[in-house]
Amino acid sequence: MNDSSWGTPQTGYWGPSDHGPGQGAAPAGPAYDAHYAQHTRPMPVVPDVPEHGGDQDMDRGAARLSGPPFRDEPTRARPLPGEVPQNPEPMPDAPQPAPAPQKKSAGRDLGAAIGVGVGLGVVIVASLFVVKAVFVGVVAVAVVVGLWELTSRLRERKGIKAPLVPLALGGAAMVVAGYAWEAEGAWVAMALTTLAVLVWRMTAPPEGYLKDVTAGVFATFYVPFLATFVTMMLTADDGPWRVLTFLLLTVVSDTGAYAVGWRFGKTKLAPRISPGKTREGLLGAVTFAMVVGALCMQYLIDDGSWWQGLLLGLAVAASATLGDLGESMIKRDLGIKDMGTLLPGHGGIMDRLDSLLPTAPVVWLLLVLFVGSG
């Protein structure tokens, strides 16, 4: 039904017309009215209604303006008094219940993470203070597994085939050379490992040679070369305590960033790289690391001082955060969440080495500057 059918007179129904008999209109004039009066329909009986402008007419007009014919909507049946409406619809202006607040999640299995962390800590500390050579072996194994995870993800996600065999053999040799001959041995072993990667890749077709050897050289520097600084710390008289200080500061920095960021973090630190990291978490890392650094330098390191520990803790918090962001950048480029699944609650070995590897040369250098290399 359209608007023209409401209140508009129809031609030829209500009376004479001046337009002639065409198209349903009656011919004009009194003669026609008298002759055809018997053939016209009687006027309908219209009940009495109040004069125009009355209250009822206003109600009717309001109903017309707001009724379904003006909105092209189906008419809804209204329930009778006392009848329960079927499928009642909520009022549009009725207040909706607020969604229940979601509980903050830690984002990982804390029980498994703590259990694995404690287990690794026991193995590292036991090997560190019982037989130094065993600790060197633990570092070498971690390097080889880390190289395997890194090269596997590069092959799976990017089609980059960095040669694992020369990387694994050269990486383990670099760790041992760093302990046996310190910096000179580490540099020589790195050069030989790089050469081995270049030669080994020549046995395959030349397609992709450049990207494969580039990834191999990067992996050589990123994992085993940085790890040699850990075994180089071990050569000092108080070597086990230096390594323990390095491990404690890195773990405390990560823990402080995680705990403070999870509880109070609001401002993103680097949302495009790692959305979970916040500036508040970074402040937590700095605070925790500086406090523990002061305690370690004062009580664990020979000839160390608390103020040196403050600087050491600040440097560790910065390097650990940058290392974490660096690996996050690699994982984002590869489109993965973790480098592996070897450690429940942590991911892979590389997911635990991300903060340790870039922090090792920083701690080694500062300890040499503060208390010497002996």
**Message:** Here are the criteria: (1) surrounded by 13 or more Cβ atoms within 10 Å (Cβ to Cβ); (2) modelled with pLDDT of 90 or more; (3) hydrophobic (A, V, I, L, M, F, W, C). Tell me which single one Ala133 does not satisfy.
**Reply:** (1)
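Being surrounded by fewer than 19 Cβ atoms within 10 Å (Cβ to Cβ) and β-branched (Val, Ile, Thr) is true for just one of Thr235, Thr220, Thr193, Thr228. Which residue is that?
Working: Thr220 fails: surrounded by fewer than 19 Cβ atoms within 10 Å (Cβ to Cβ); Thr193 fails: surrounded by fewer than 19 Cβ atoms within 10 Å (Cβ to Cβ); Thr228 fails: surrounded by fewer than 19 Cβ atoms within 10 Å (Cβ to Cβ).
Result of the check over Thr235, Thr220, Thr193, Thr228: Thr235.
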**Prompt:** Which residue out of Leu249, Leu282, Leu269 is surrounded by fewer than 21 Cβ atoms within 10 Å (Cβ to Cβ) and either among the aliphatic types (A, V, I, L, M) or touching a helix residue (DSSP H, G or I) at 6+ places or on another chain (Cβ under 7 Å) (or both)?
**Reply:** Leu269
**Request:** Take region 140-163 and flag every residue that is outside any loop (DSSP other than H, G, I, E, B) and basic (Lys, Arg).
**Result:** Arg153, Arg155, Arg157, Lys158
**Request:** Looking at (1) within 17 Å of Met339 (Cβ to Cβ); (2) assigned to a helix (DSSP H, G or I), find the lone condition where Val136 falls short.
**Result:** (1)
**Prompt:** Regarding Thr235, is this residue touching a Phe, Trp or Tyr at 6+ places or on another chain (Cβ under 9 Å), within 30 Å of Val131 (Cα to Cα) and either assigned by TED's automatic domain parsing to the domain that holds Gln298 or not in a helix (DSSP H, G or I) (or both)?
**Reply:** yes
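The values are calculated or read from the model by the stated rules, or taken from the named source; none is laboratory data. All figures in this text were calculated on a predicted structure; none of them were measured in a lab. Here Cβ is always computed from backbone atoms with ideal geometry, including for glycine, and neighbour counts include all displayed protein chains.
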